[in-house]
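Scroll down for the structure; my scribbles are underneath it.
The values are calculated or read from the model by the stated rules, or taken from the named source; none is laboratory data. Given the structure is predicted, the values throughout are model-derived calculations rather than measurements. Note that we place each Cβ from the backbone using ideal geometry, even for glycine, and neighbour counts take in every protein chain shown. The accessibility values were calculated without ligands, DNA or RNA, using every heavy atom of the protein model including side chains. Shrake-Rupley method; radii C 1.70, N 1.55, O 1.52, S 1.80 Å.
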Number of protein chains: 2
Amino acid sequence: MMKLPALIVMPEDTPEIKKANTRSYGAEIVTYDRVKQDREAIANRIADDRGAVVVPPFEHPEIIAGQGTTGLETIEQAASRDMSLDAVLIPASGGGLAAGNALAFTANSPATQIHTVEPEGFNDHARSLASGKRERNAAASGSICDALLAPVPGELTFAINQPRLASGLVVSEAEVKRAMIFAFEHLKLVIEPGGAVGLAAVLTGKIPTEGRIIAVIASGGNVDPGLFAEILKAR
Amino acid sequence: MMKLPALIVMPEDTPEIKKANTRSYGAEIVTYDRVKQDREAIANRIADDRGAVVVPPFEHPEIIAGQGTTGLETIEQAASRDMSLDAVLIPASGGGLAAGNALAFTANSPATQIHTVEPEGFNDHARSLASGKRERNAAASGSICDALLAPVPGELTFAINQPRLASGLVVSEAEVKRAMIFAFEHLKLVIEPGGAVGLAAVLTGKIPTEGRIIAVIASGGNVDPGLFAEILKAR
């Protein structure tokens, strides 16, 4: 809307479709190795060189507020159907989407239980919410859920999430794939692996669903056609 | 809602996912050969045997009215965005969805041009609208658009459509596949071949789009995972 140039720092292993879509919106892309390099350092250096503003993916009040609009819309949509939500499930990487939703829900729908959902091996939120302090993942890569691999909950996001969230749920890669197939077959939606963890948690009974109304945030559809085809064919 | 038993008469070559979903909703299925058999005769015989009511796919005032609710919703959604629609594109088989929309649009959005869209070789509406009388397709099968193969426009539906529609558009199989891929990549929607003809018509410029607002009805997502995967991989 502002016609500003944009440069996005993305992991090398980002799905090609996400890179292509990002470029088609007019942005430049710089990639980095998520195991060996520090994306914040790269972004800061480029911003210094160019006199640009860094827009971090989660660790910033305005980013969190922006992501929280998902929560406001979810609450509005539930209210328009005279529903009150028993729980909301939110995919978590750095925890910004969860923090924004946590603020939206505790203010406007305080009875709703809020859960993060993460893939196995990258359950830093689940462990951090259980222990009360920010826990780090052992690995930096190796999950199909490429969007959920931040190594540790953000400081700011965890300060918001810790007192407001019920718990963190964890799903396996096979469960994620089955949820993507379910979305294809029944919802007619394309959901990327990291976006499907919430649906996977519901379908596999990671929380009680009987008689409850549960909102699931499906936070993205950037999945490469080759991977999607492979998942469909393996069904 | 009424807990009534249902039996659906479907072509043998119906996608497996449509059969599976239909069964999972509790219906019985009887299949027939769309080249050699007459589905109306089969349905009427079964209805006689069982004392059941035949619900035809398009040739009935109440079915047409029901399908027309798509048009009412489309008009409502456009109005809620302060948009007035220049055109609406409707996939056509027997013409019931088109007839319902034609009634909805001429009554509530009379400036909107209404077009059917069909696959090559099954363009009975395009030809019938051009000639002013019901034209028949040469073939009974042989298109990827399995839902759009009715042999001829319905009598009742064509009486409604003929005076109200602007024209019929026609798209190729390759154009349909590219539209399905576009929906996957950009809309994150699963659209079946027959449901994607309208989007294909827009993407390939079968009607002018410059400065116009065009509604596209995407009338179904029952595509077998194997076929969808094949289309994605061939991209």
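Exactly one residue among B:K233, B:K188 is within 8 Å of chain A (Cβ to nearest Cβ), more than 17 Å from B:E16 (Cβ to Cβ), out of contact with any Ser or Thr (no Cβ under 7 Å at 6 or more places or on another chain) and modelled with pLDDT under 95, and that residue is B:K233. The set of residues from region A:145-185 being part of a loop (DSSP other than H, G, I, E, B), open to solvent by 10 Å² or more (accessible area, probe 1.4 Å) and at pLDDT 95 or above comprises A:V152, A:Q162, A:P163, A:R164, A:L165, A:A166, A:S172. The residues of region B:200-220 that are touching a residue at least 60 places away in the same chain (Cβ under 8 Å) and not in a loop (DSSP other than H, G, I, E, B), listed by number, are B:A200, B:A201, B:V202, B:I214, B:A215, B:V216. The set of residues from region A:207-230 being surrounded by fewer than 20 Cβ atoms within 10 Å (Cβ to Cβ), more than 14 Å from chain B (Cβ to nearest Cβ) and within 18 Å of the chain's Cα centre (by Cα) comprises just one member, A:I214.
What number of residues within region B:86-124 are assigned to a helix (DSSP H, G or I), touching a residue at least 60 places away in the same chain (Cβ under 8 Å) and buried (at least 23 other Cβ atoms within 10 Å of the Cβ)? Residues meeting the conditions: 6. In this structure, is B:D33 open to solvent by less than 80 Å² (accessible area, probe 1.4 Å), charged (D, E, K, R) and under 21 Å from B:G194 (Cβ atoms)? It is true that B:D33 is open to solvent by less than 80 Å² (accessible area, probe 1.4 Å), charged (D, E, K, R) and under 21 Å from B:G194 (Cβ atoms). Scanning region B:197-206 for residues that are open to solvent by 50 Å² or more (accessible area, probe 1.4 Å) and aliphatic (A, V, I, L, M) gives a single hit, B:L203.
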